[in-house]
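**Student:** A single structure is presented below for examination.
Values in this text are rule-based calculations from the coordinates and carry no lab data. None of these values were measured; they are calculated from a predicted model. Here the Cβ is made from the backbone with ideal geometry for all residues, glycine too, and neighbour counts use every protein chain on show.
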């Protein structure tokens, strides 16, 4: 049986809101974050939440 990729709606909502925050925090004229530390923190958590959104489901073992 194939491993299926799961979709977690909770992490998807977190990723969506963080993506919007990243867009607001990024200065497109100078290509830098307005607040460096906050921008990198948003970016790290955004990537982590996207990975957890599409994480593979674990197989359950029968006993």
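**Student:** What residue, among those in region 19-47 that are in contact with a helix residue (DSSP H, G or I) (Cβ under 8 Å, 6 or more places away or on another chain) and under 23 Å from residue 57 (Cβ atoms), is surrounded by the most Cβ atoms within 10 Å (Cβ to Cβ)?
**Tutor:** 46
**Student:** Follow-up. Of the residues that sit in region 3-26 and are out of contact with any strand residue (DSSP E or B) (no Cβ under 6 Å at 6 or more places or on another chain) and assigned to a loop (DSSP other than H, G, I, E, B), which one is farthest from residue 51 (Cα to Cα)?
**Tutor:** Here the answer is 4.
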